[in-house]
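Visitor: My structure is below; once you've seen it, I'll send some questions.
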Amino acid sequence: MIPPPPPDPATPRTLRPHGPLVIDIRNVTKLYHMGDETVHALRGVTLQVHRNEYLAIMGPSGSGKSTLMNMLGCLDTPTSGHYEFNGKDVSSMEDDELAAIRNREIGFVFQTFNLLPRSTSLHNVELPLIYAGVPPNERRERARQALDHVGLGDRMLHKPNELSGGQRQRVAVARALVNHPSIILADEPTGNLDSKTGEEIMYLFDTLYEQGNTIIVVTHEEDIARHARRAVRLRDGLIESDRVTVEPAAV
Amino acid sequence: MNALARLFYELTESFRIAWAQIRANKTRSMLTALGVIIGIVAVTLMYAAISGIDRGFQNSLSMLGNDVFYVDKWPWFGAEDWWNYINRPAIEVRDAERLNRIVEDTPKSLLDVAVPRAGRGCSVKFGDGRVDGIFAFGTTAEYARISNVDFVEGRLFNEIEDNGARAVCVLGFDVAEALFPHRSPLGETVTVDGHPCIVIGVYAKQGEFLGLFSFDNQLVMPIGAFSKMFGTRRGVELQVKVKDQTQMGAAKDELIGAMRRVRGQLPGERDNFTVNEQQAFKAQLDPVKFSIFAAGLIVTSMSLIVGAIGIMNITFVSVKERTKEIGSRKAIGARRRTILLQFLIEAVSICIIGGIIGIGVAYAVFLGVRYQMPSFPAEFSVVLVLIGMTASVLTGVLSGFIPAWGASRLDPVVALRYE
Ligand SMILES: Nc1ncnc2c1ncn2[C@@H]1O[C@H](COP(=O)(O)OP(=O)(O)OP(=O)(O)O)[C@@H](O)[C@H]1O
Ligand SMILES: [Mg+2]
């Protein structure tokens, strides 16, 4: 069984009660070996995220935000420590088991969108459903709904190079949503967008949060982080602070 | 169930991607496919030639008959110590009669019938027409029991004509065609090296024996008539038909014993005749055939290997170019198998396209060759198309596997970082 978290003055237990635990990582470290040098990307991070939280991960460049995000998203495994996702121990899982978790439980949104360049929006959004074994008709229907949901009902047959940056990111959000994941992970989703378009994407995340989704956004912009309800600050691979932010005005 | 469905969706997705990928890189894909096209053209043409040659061999051998022994003074092959054979007494026409009598008197004989056959080259004339290099041979009416060649018209001579040594003959197809274009030669009198002879039949077309000798350039007459025209001092050959093809060995032993009695040989004396059979030809031909096969295999596999290297190279390039895409796909749930299949199918698709074009080109070449050289024994068949397609799919799988395997093992984080 998992030992109780060590008392950590930097992590005050002041959070309001949430739904069931989705993410539970304890004392996770990640080392990278570069020749003779060892980089400590994460030095012992402990973090719990419950259903329907809206979390911002912040910190200076190189503090380990992306590394933590990849770990949370089951793209990477920790060097040491424990990770339970929805009650399942993922730190010891095989590649293909992790792929199944990513497919069903996690929706990724990347800074660089990462859409398939030669496929339409519709097909890009269908892709996770293909890997999930959903039959074609249902797949198309759900992809349509997801695109409608992000306001791109009229851009289904456009390819990424026929869309603006903001629209591309919306397609990516639709793709992240389409398989009804337990959590949506966005690593600097507004990093490649101008501030107005970035705001629009953040409003989209706000709406998704209101609708009951669990969202983690990595950013180093305070403006962006203000959308979230909880802010975790990293420094040198350690959590520096973890607190509930001021509730934003109701939309 | 769901796993199967998923595999199916992954496969269709992979084909879709492969097709999109090929269309997006038309020139590159076509150049790569060119290597496969050349390889497949080589494979199919070589196979067409080899199977044609093999078929030619088979046909020629079956003309000799697999149930017939040939009793000669000389062995067909391998008579190096010729002094052992040169003094053998010639085989005579009456040896056949004696042999038949012994066979009749033997209960449960494995042998059916023996006929003598004497032959020589000659020229045949009719009116102003003349054909040279015709092989005339004389035999008995019982030849009908050994030969199963069809007649275009007419018949073989009967026993009465045979016994009476009547000057009648059956013409090979080409002889009849040359001397009697657009008309029937039946009842006409041709001259065989100056000797008149009435045509009573024409054989159907039979083809060539190993390209050396055409059965359609022959002429058959009663052995008595042959003897009167040309003599049989040089001896004849006996063709002996066997009752049961599956007992050739025992039949051969019986034949040797019977021949020794015919020839009045003493126990302990060496046979003064040789029993030849189709098998001897086969033994001679097999090594030739094998060398042709081996050479063909080497040449074609070389050209396919060159094609395969091209495919492997392009798949490596494709994996490199799309490393980030591999990362994205893995992030949204593609498993190792998915990625492996995707790149394998891409390699296989190019090979299939190359294979289809290659088979088309080979077929065109084949038609051209057949038009120019009708006698070249090449063959084009469904089997050939299957072999061509199998070869191209295998090329794709084998050459695409290493790059596709590498792609499937990529660490998603590393792949996503790739610029
Ligand atoms: N694959 C890798 N190999 C070696 N070192 C790595 C690797 N990935 C990350 N690092 C190192 O780990 C540390 C944390 O990197 P990470 O990408 O998590 O930072 P980040 O907080 O996301 O920074 P940024 O805001 O610039 O994106 C850095 O020092 C980085 O150099
Ligand atoms: Mg980062």
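A short reminder: the numbers here are calculations on the coordinates, not readings from a lab. Bear in mind that the values here come from a model prediction, so they are computed numbers and not experimental data. Don't worry about glycine lacking a Cβ; one is built from the backbone with ideal geometry, like all the others, and counts go over all protein chains shown.
Visitor: Go through the stretch A:78-128 and count every residue that is of a type in the set (S, T, N, Q) and over 19 Å from A:N179 (Cβ atoms).
Guide: The total comes to 6.
Visitor: Something else now. Name the single residue that is surrounded by the fewest Cβ atoms within 10 Å (Cβ to Cβ) among those in the stretch B:310-368 being among the basic types (K, R) and within 14 Å of another protein chain (Cβ to nearest Cβ).
Guide: Here the answer is B:R337.
Visitor: Still on this model: Just the residues that are within 14 Å of chain B (Cβ to nearest Cβ) and either of a type in the set (D, E) or surrounded by fewer than 18 Cβ atoms within 10 Å (Cβ to Cβ) (or both), please, taken from the stretch A:137-151.
Guide: Listed by number, the residues that qualify are A:N137, A:E138, A:R140.
Visitor: Still on this structure: Note down all Cβ pairs under 7 Å where the first residue falls in the stretch A:59-70 and is closer than 18 Å to A:F85 by Cα, the second is near ligand 1 (Cβ under 6 Å from one of its atoms), and they're at least six residues apart or on different chains.
Guide: Close Cβ pairs satisfying both conditions: A:T67/A:A41.
Visitor: Inside the stretch A:117-136, can you point out the residues that are in a helix (DSSP H, G or I) and either facing chain B (nearest Cβ under 8 Å) or under 23 Å from A:S164 (Cβ atoms) (or both)?
Guide: Within the stretch A:117-136, A:S121, A:L122, A:H123, A:N124, A:V125, A:E126, A:L127, A:P128, A:I130, A:Y131, A:A132, A:P136 meet the criteria.
Visitor: Of the residues A:I57, A:I101, only one is within 18 Å of A:I216 (Cα to Cα) and within 16 Å of ligand 1 (Cβ to nearest atom); which?
Guide: The match here is A:I57.
Visitor: Can you tell me which residues in the stretch A:56-70 are farther than 18 Å from A:D242 by Cα and within 10 Å of chain B (Cβ to nearest Cβ)?
Guide: Scanning the stretch A:56-70 gives a single hit, A:N70.
Visitor: Which of the following residues is out of contact with any Leu (no Cβ under 7 Å at 6 or more places or on another chain) and more than 18 Å from B:A331 (Cα to Cα): A:E105, A:E138, A:E126?
Guide: Only one candidate passes the filter, namely A:E138.
Visitor: Looking for something assigned to a helix (DSSP H, G or I), farther than 30 Å from A:G19 by Cβ and more than 14 Å from chain B (Cβ to nearest Cβ) - is there at least one such residue anywhere in the stretch A:152-164?
Guide: yes
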